[in-house]
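Novice: Dropping the structure in here first, questions after.
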Amino acid sequence: MFSLKNYSQSPLLSPLSPKAKEYLGFTLVTLAIVVAGTLLFLFDPASSKLFPPSPFRSLTGLYCPGCGTLRGLHQLLHGNLVGAFGLNPLMVISLPFMVYSYVAYGLRTITGRTLLVWFVPPQLIWFILQAILAYWVARNIPFAPFSWLAP
């Protein structure tokens, strides 16, 4: 029978220390990000069939908070901040925080050093979730200024 406990005792991973497993995981995720970023740089999601369309948009005809993210990242990788913001402002605003968090995690994993860690109070997390839900609704309202949020 398969269980997570049995998986963590896998002969392939058992000789590795917990620190080595964490480093390996970080390395593999970083490699996946580099490969995905390279593909996203080379192929425009707006015209390429390499990237699938948004499942939520395909099923409902509505925009989700993530709609326009791939096209926006493609624009950012080509230096077009305004174009990326026009496709998904939420992604452009939140991306620096995600990059900082990933770099801080990587620095701690590789060197043991830590960057400034932000304590995020629960009230802020709830506010962010409510803001994302409001953004989701607002970008589907079909008249200005809300329609400006649609990709």
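Throughout, read-outs are computed from the coordinates displayed, never taken from laboratory work. For clarity, every value in this text was computed on a predicted model and none was experimentally measured.
Novice: Shape of region 73-112 from its Cα gyration tensor (a ≥ b ≥ c, root eigenvalues): rounded if a/c is under 1.5, otherwise prolate when a/b > b/c, or oblate? Working shown, then result.
Specialist: Values: a/c = 5.12, a/b = 2.58, b/c = 1.98.
Prolate shape, in that a/c is at least 1.5 and a/b is the bigger ratio.
Novice: Mean residue ellipticity at 222 nm from the helices of the chain, using -39,500 (n - 2.57) per DSSP H segment of n ≥ 4 over the full residue count, to the nearest 500 deg cm²/dmol?
Specialist: Working: 7 runs with 92 residues, N = 151.
Rounded to the nearest 500, it is -19500 deg cm²/dmol.
Novice: For the chain, modelled as a Gaussian network with Cα springs under 10 Å, which listed residue fluctuates most, ILE125, ILE110, ILE93?
Specialist: So, out of ILE125, ILE110, ILE93, the one fluctuating most is ILE125.
Novice: Are there DSSP H segments in the chain that both extend 18 Å or more along their axis (alpha-carbon positions) and score a mean Kyte-Doolittle hydropathy of at least 0.0? List them, or say none. Walk me through the intermediate numbers first.
Specialist: Values: long enough: 18-42 (36 Å, 1.35); 89-111 (34 Å, 1.15); 122-138 (24 Å, 1.51).
Once both thresholds are applied, what remains is 18-42, 89-111, 122-138.
Novice: Related question: Taking just the C-alpha trace of the chain, give me its Rg and Dmax in Å.
Specialist: Rg, Dmax (Cα atoms, Å): 19.3, 60.
Novice: Which ³J(HN,Hα) values, rounded to whole Hz and listed in residue order, are derived for region 140-151 from phi using the Karplus coefficients 6.51, -1.76 and 1.60 in 6.51 cos²θ - 1.76 cosθ + 1.60 with θ = phi - 60°, glycine and proline given as x?
Specialist: 9, 7, x, 9, 5, x, 5, 5, 5, 7, 6, x
Novice: Decide, for region 77-151, between rounded, prolate and oblate: order the square roots of the alpha carbon gyration tensor eigenvalues as a ≥ b ≥ c, take rounded if a/c falls under 1.5, and otherwise choose prolate if a/b is larger than b/c, else oblate. Mind dumping the intermediate values first?
Specialist: Working: a/c = 4.65, a/b = 1.68, b/c = 2.77.
Note, shape of region 77-151 comes out oblate.
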